[in-house]
Structure formats: structure tokens, C-alpha cells
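Worksheet: the structure to be examined is printed underneath.
The values are calculated or read from the model by the stated rules, or taken from the named source; none is laboratory data. All values derive from a computational prediction rather than experimental measurement. Reconstructed Cβ throughout: ideal geometry from the backbone, glycine too, with neighbour counts over all protein chains shown. Protein only, heavy atoms only, side chains kept; ligands, DNA and RNA dropped before computing areas. Shrake-Rupley method; radii C 1.70, N 1.55, O 1.52, S 1.80 Å.
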Amino acid sequence: MANIDNVVLEISVVLGSTVMPIHQMLRMGRGAIIELDATEDDEVTILANNLPVAKGAVVVSGNRIAVNVTRLLPRTIQVA
């Protein structure tokens, strides 16, 4: 079981997405706001090494933000 301590796993949470022209993105500066296709009540997607593994809900407690896992997604077979 000690070998599992050496496994690196990148966890990401996708809050939403958007599409914009590159020229618009290049004009953005500090403090710019990017509108997403989601609301604060929508589920977020949890990725492990860029693969979707679960859905969750954003939880805000004071100045901390967390994600509550609400359901696991079915595993997909990866072909190398």
C-alpha cells in the first residue's frame, strides 16, 4: 500500500465554459470578468488527470470554497 503514496493525481473542477474570439481574450486585463454558461446552482464537473470522474456542488464557508461530491460518474475505458 506504500506505493500508492507516490501516485500523482491532478484534480480540477470545471465551473463552466465559454467561447470567445482570441482578439477579445488578448484585450483582457487584470480584473476582467469572463461570463460562463453556468449559474451558481449548477453542478460542477470534477476531473482527475483531465478525465471526468464525478459531479459536485460548490460550497462556500466564510472565505473558503470547497466542492461537495454529489455523484460518481461511470468509468470510461481508455484505449492507449
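Please determine whether any residue of region 18-41 is under 16 Å from the mean Cα position of the chain (by Cα), modelled with pLDDT of 95 or more and open to solvent by 100 Å² or more (accessible area, probe 1.4 Å). Looking through region 18-41, none of the residues is under 16 Å from the mean Cα position of the chain (by Cα), modelled with pLDDT of 95 or more and open to solvent by 100 Å² or more (accessible area, probe 1.4 Å).
Apart from one condition, Ile11 fits all of (1) modelled with pLDDT under 95; (2) in contact with a Leu (Cβ under 8 Å, 6 or more places away or on another chain); (3) of a type outside the set (Asp, Glu); (4) open to solvent by 70 Å² or more (accessible area, probe 1.4 Å); the exception is (1). Val53 falls short on exactly one of the conditions (1) among the β-branched types (Val, Ile, Thr); (2) open to solvent by 80 Å² or more (accessible area, probe 1.4 Å); (3) at pLDDT 90 or above, and that condition is (2).
Taking the stated definitions as given, is Thr45 in a strand (DSSP E or B) and either at positive phi or of a type outside the set (A, V, I, L, M) (or both)?
So Thr45 passes the test.
Applying a threshold of 7 Å to beta carbon distances and a minimum spacing of six or more residues, or different chains, the list of pairs starting in region 1-27 at a residue that is assigned to a loop (DSSP other than H, G, I, E, B) and ending at one that is open to solvent by 70 Å² or more (accessible area, probe 1.4 Å) and β-branched (Val, Ile, Thr) reads Thr18/Ile34.
Could you grab me the full set of residues in region 59-74 that are touching a residue at least 24 places away in the same chain (Cβ under 8 Å) and either of a type in the set (Asp, Glu) or open to solvent by less than 60 Å² (accessible area, probe 1.4 Å) (or both)? Within region 59-74, just Val67 meets the criteria.
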